[in-house]
Each structure stands twice: as structure tokens, then as C-alpha cells.
Amino acid sequence: MDLREGSVGGIAVLDVVGRVDSTTAPVLQEKLQSVMTAPQTKVLIDFTRLEYISSAGFRVLLLAAKRAQETGSHFVLCGVAGKVRQLFDLGGFLDLFTIAGSREDGIAAAQ
């Protein structure tokens, strides 16, 4: 997994490339924890180039969403498509997250 961090209008944007599995999930978790330290943080995770996510990856996302809810933060996903979207659907995760169709829509949703 390659993880790239940027910022757009006060929103932390994380681009995730490759696979999020039991080996790489801790790296994503650590990055999310460091980004979401302050209350009312705005975070967008772009999964446009994500190839696969395992249960370990879903756990990281669920913990981040819980943290966002507790701190009044905005936590948005975008680029969830193809096989990755099927995994979100099969696991029943589509309704648990704010998922935007595009990066631009994700930035708007995170504000």
C-alpha cells in the first residue's frame, strides 16, 4: 500500500493506493490517528486506486468513523468503485460511511 497525504481547503486528503490488508492496515490506522487528533477534523480518504480491502482495513475505517462521530469530525470516503465497492456492499459497509462518488463531491461532503 502506498499512502499519500495532502490538504485541500482545510480537509486532510489521504490517497490510498494498492491493498489494505492485515499487513498494511496498521499503517493506515496510524496515519488516521495522527490526522484525527483534533476535534472537528475534516478527513477525505480517496480509494480511487485501492485494489483490495480486508476485514482489517474495514476495522480501521470503522474505528476512524467512530472517532469522527465522537469528536464532531467529518470522515468521508470517495472513489469506492468496482471490486472494492462489491466488498463494501457484501460486508454491509455502504450505509455505515459517507461515500462520495468523486473526489470533488467528497471535498464538498467533508466541509
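We did not get these values from a lab; they are worked out from the coordinates using the rules stated. The model shown is predicted, which means the values in this text are computed figures rather than measured ones. When we count neighbours, we look across all protein chains shown, and the Cβ atoms used for this are built from the backbone with ideal geometry, even at glycine.
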Applying the Karplus parametrisation 6.51 cos²θ - 1.76 cosθ + 1.60 with θ = phi - 60° to the phi angles of the range 13-18, what ³J(HN,Hα) value in whole Hz is obtained for each residue in order, glycine and proline being reported as x?
10, 10, 9, 10, 10, x
Chain lengthening between residue 70 and residue 49 when straightened (0.36 nm per residue, less Cα-Cα):
4.7 nm
Residues whose modelled amide H sits under 5 Å from the amide H of residue 49, counting only those 5 or more places away in sequence or on another chain, are 16
Could you calculate, for the chain, the ratio of the Cα radius of gyration to the Kirkwood radius, expressed as Rg to Rh?
0.92
Rounded to 0.05, the calculated FRET efficiency for the beta carbons of residue 90 and residue 5 at R₀ = 30 Å is 0.55
Quick one: go through the range 62-99 and flag any residue whose amide nitrogen is under 16 Å from the point 7 Å out along the Cα-to-Cβ line of residue 19.
83-84, 87
If the only charges are +1 at each Lys and Arg Cβ and -1 at each Asp and Glu Cβ, what is the size of the charge dipole of the range 1-56 around the Cα centre, to the nearest 20 debye?
120
Restricting to Cα pairs below 8 Å that are 6+ residues apart, what does the relative contact order work out to for the chain? Please round to a whole percent.
27
Lys, Arg +1 and Asp, Glu -1 on Cβ, resulting dipole of the chain about Cα centre, debye, nearest 20
100
